[in-house]
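Just below is one structure, and these are the notes that go with it.
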Amino acid sequence: MNDDQDTGRALPERGVPAERVLAEIRALRRADAPTHGGRLFAYVYDPAVAGLDELTAAAHAESAHVNGLDPTAFPSLLAMENALVGAAARLLGGGPGSTAPDAVGSVTSGGTESLILAVKAARDARPEVAEPRIAVPVTAHAAFAKAAHYLRVALDPVPVDPVTLRPSAADVAAAIRPGTVLVACSAPSYAHGVIDPVAEIAAVAAAAGVRCHVDACFGGWTLPWLRRLGAPVPPFDLAVDGVTSISVDLHKYAYAPKGVSVLLHRDPALRAPQYFAYADWPGYTMINPGIASTRSGGPIAAAYATLRHLGEDGYLRLAAATRDAVAGLADAVRGVDGLRLLAEPESTVVCFTSTDPKLDLFVLVDELTARGWHTQPQLAYGELPASVHLTVTASVAPRVAEFGPDLADAAAAARAAGPVALPAELTALAATLTPEALTPELVAGLAAGLGLGGPSGGAPDATVNALLDAAPPALRERLLVEFVGLLQRPTH
Ligand SMILES: *Cc1c(COP(=O)(O)O)cnc(C)c1O
């Protein structure tokens, strides 16, 4: 086999020199959305601190082969995990001198795992409940639905006010039933950046004897700094009576590389049912706080290095830069006719919608992409309109002045182009099709109609978004599975 044919094979016949392997990865990376530079408003969290990537890469390498499976074999990992949990507890209302002095926690692989474990702990603390349920605002992260699905727990959705985008404590109370093991709320919600009324929700949960988890995966590492900078952040953490657990993702606003979140419980008894222990086999006795058994120490060492290096002064400075960037982006949105902030920013999200039928948000998103700004479209849901989400990080601050003119320009171009006109048969299909009726032939037809899976790269994203937007959630889910299944095919 010649070298060219071999390119891209994970397992070549003959091993490839290290330098060339790295060059290949760098070449592949060029097709990616830009992880640095403040122009990607989702997926990545970039503080734009010189030298931090080098530090975290070195720290990751030091511990990449360390295994979190057994904390006694690798005390370095236990020490770093305990330090991370201690830092998160102190930041979030726990630790010495607080109202939650006995708070304990675990380092997990991400927000989803933290939420799954919070639900597992709540479920397994109530073995007498035959059909456990959780009450979750519809604006809470989809990972709660995933947890409910994986753990066979029923999910009772709590509506939100279409104006404030918040659930009311009364509606949470109404959703609590005899089998409810956990109430959830967000600080803030990912989609809109809105902080739920945590104190009131925790109070109704406590009155019912039910656990209350605060999902601060997104905001847990920004709200405390924003408050110190003078922002009116309401109580949302372990300082609130009735909050039994809280999660914060270090791979978001702690600016650590991917793979680290912290789940805190108010006391060790609340955490105990989170563990999985097993001794009924002839191998080693198993005791895991989380889902994985073998776990790399790399992400944990990288997170530890990030926190140590940035320090409180660093996070305060980054929070101030982020706050100013949020204000600037919100002003840019206010300055464009036909766009409206869906919520006044109260954390680090800017979320806006269109008030002009001629200004199609999905077309706007594509126009912004063409101008080098990568935003996140959100489909219409219930009474909530489609919207555009911007996760704002410190790296955006130097870019804010460029965003306003580009947004205005993109909006003008989107208006000129007009809304997405889906082929009539596709719109009709999306509106009437049920997931059960979705045969492989229909999917293939839809995919071909959109140019997906073909050599040309497919239809503009706006077309795909418009199709999904026209479909009810259950059909959206099926279509997503089919479409992504077309992308995830082995290379031979
Ligand atoms: C990101 C996020 C999650 C899920 O976290 P992952 O790290 O992506 O698994 C959960 N809740 C909120 C509010 C989030 O922002």
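The values are calculated or read from the model by the stated rules, or taken from the named source; none is laboratory data. Quick caveat: nothing in here was measured; it's all calculated off a predicted structure. All Cβ positions, glycine included, derive from the backbone under ideal geometry; neighbour counts span all protein chains shown.
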Practice task
Please verify whether segment 267-283 includes one or more residues that are modelled with pLDDT of 95 or more and either within 16 Å of the ligand (Cβ to nearest atom) or of a type in the set (Val, Ile, Thr) (or both).
Solution key: no
Fill in the blank from the handout: Per the filter on segment 149-160, residues more than 14 Å from the ligand (Cβ to nearest atom) and within 14 Å of LYS120 (Cβ to Cβ) are HIS149, LEU151, ARG152, VAL153
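I'd like the full set of residues that are aliphatic (A, V, I, L, M), more than 16 Å from the ligand (Cβ to nearest atom) and within 20 Å of LEU307 (Cα to Cα), limited to segment 82-102.
Scanning segment 82-102 gives ALA83, VAL85, ALA87, ALA89, LEU91.
Checking the structure you have, find out if any residue of segment 212-220 is within 23 Å of the chain's Cα centre (by Cα), on the phi > 0 side of the Ramachandran plot and within 11 Å of the ligand (Cβ to nearest atom).
Taking segment 212-220 first, the residues within 23 Å of the chain's Cα centre (by Cα) are 212-220.
Right, trim to on the phi > 0 side of the Ramachandran plot and you get none.
No - not one qualifying residue is present in segment 212-220.
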Problem - Which listed residue, of PRO299, PRO282, PRO273, is within 27 Å of SER186 (Cβ to Cβ) and surrounded by fewer than 21 Cβ atoms within 10 Å (Cβ to Cβ) - result: PRO273
Exercise for the section: Would you be able to say whether some residue in segment 137-146 is in a helix (DSSP H, G or I) and either at pLDDT below 95 or surrounded by fewer than 18 Cβ atoms within 10 Å (Cβ to Cβ) (or both)? Expected result: yes
Handout entry: So ALA79, is it more than 16 Å from the ligand (Cβ to nearest atom), modelled with pLDDT of 95 or more and assigned to a helix (DSSP H, G or I)
Key = yes
Practice task
Looking only at segment 98-113, decide whether some residue is free of Cβ contacts under 8 Å to residues at least 60 places away in the same chain, farther than 16 Å from CYS212 by Cα and out of contact with any helix residue (DSSP H, G or I) (no Cβ under 7 Å at 6 or more places or on another chain).
Solution key: yes
Handout entry: Lone qualifier among SER114, SER106 - being assigned to a strand (DSSP E or B), within 16 Å of the ligand (Cβ to nearest atom), under 20 Å from the mean Cα position of the chain (by Cα) and not aliphatic (A, V, I, L, M)
Key = SER106
Completion exercise
When (1) charged (D, E, K, R); (2) farther than 14 Å from VAL138 by Cα; (3) in contact with a strand residue (DSSP E or B) (Cβ under 8 Å, 6 or more places away or on another chain) are applied to ARG228, the one that fails is (3)
Exercise for the section: Could you tell me whether segment 64-74 includes any residue that is out of contact with any Ser or Thr (no Cβ under 8 Å at 6 or more places or on another chain), at pLDDT 95 or above and in a helix (DSSP H, G or I)? Expected result: no
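Results for (1) of a type outside the set (Gly, Ala, Ser); (2) farther than 30 Å from VAL388 by Cβ; (3) touching a residue at least 60 places away in the same chain (Cβ under 8 Å); (4) surrounded by 12 or more Cβ atoms within 10 Å (Cβ to Cβ), shown as yes or no for each residue.
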{"site": "ARG9", "(1), (2), (3), (4)": "yes, yes, yes, yes"}
{"site": "ALA18", "(1), (2), (3), (4)": "no, yes, no, no"}
{"site": "ASP32", "(1), (2), (3), (4)": "yes, no, no, no"}
{"site": "GLU62", "(1), (2), (3), (4)": "yes, yes, yes, yes"}
{"site": "ASN67", "(1), (2), (3), (4)": "yes, yes, yes, yes"}
Practice task
For ALA145, work out the one condition from (1) within 16 Å of the ligand (Cβ to nearest atom); (2) in contact (Cβ under 8 Å) with a residue 12 or more places away in the chain; (3) of a type outside the set (Asp, Glu) it doesn't fulfil.
Solution key: (2)
Exercise for the section: Looking only at segment 454-465, decide whether some residue is farther than 29 Å from TYR190 by Cβ and either polar (S, T, N, Q) or assigned to a helix (DSSP H, G or I) (or both). Expected result: yes
Exercise for the section: Considering every residue within segment 203-210, establish whether at least one is in contact with a Lys or Arg (Cβ under 9 Å, 6 or more places away or on another chain) and either of a type in the set (Ser, Thr, Tyr) or not in a loop (DSSP other than H, G, I, E, B) (or both). Expected result: yes
Handout entry: Every residue from segment 339-355 that is part of a loop (DSSP other than H, G, I, E, B), in contact with a Ser or Thr (Cβ under 8 Å, 6 or more places away or on another chain) and β-branched (Val, Ile, Thr)
Key = THR348
Problem - Identity of the residue in segment 117-136, away from the ligand (no atom under 14 Å from the Cβ), in contact with a strand residue (DSSP E or B) (Cβ under 8 Å, 6 or more places away or on another chain) and part of a helix (DSSP H, G or I), that ends up farthest from ALA208 (Cα to Cα) - result: ALA121
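Scan segment 234-248 and give yes if some residue there is assigned to a strand (DSSP E or B), of a type in the set (A, V, I, L, M, F, W, C) and either in contact with an Asp or Glu (Cβ under 9 Å, 6 or more places away or on another chain) or buried (at least 17 other Cβ atoms within 10 Å of the Cβ) (or both), otherwise no.
Yes, that holds for at least one residue.
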Exercise for the section: All but one of (1) surrounded by 24 or more Cβ atoms within 10 Å (Cβ to Cβ); (2) over 22 Å from ALA187 (Cβ atoms) hold for ALA88, so report the exception by its number. Expected result: (2)
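Here is a yes/no grid of residues against (1) polar (S, T, N, Q); (2) farther than 20 Å from THR112 by Cα; (3) within 20 Å of the chain's Cα centre (by Cα):
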position	(1), (2), (3)
VAL240	no, yes, no
VAL248	no, no, yes
TYR278	no, yes, no
ARG295	no, no, no
GLU346	no, yes, yes
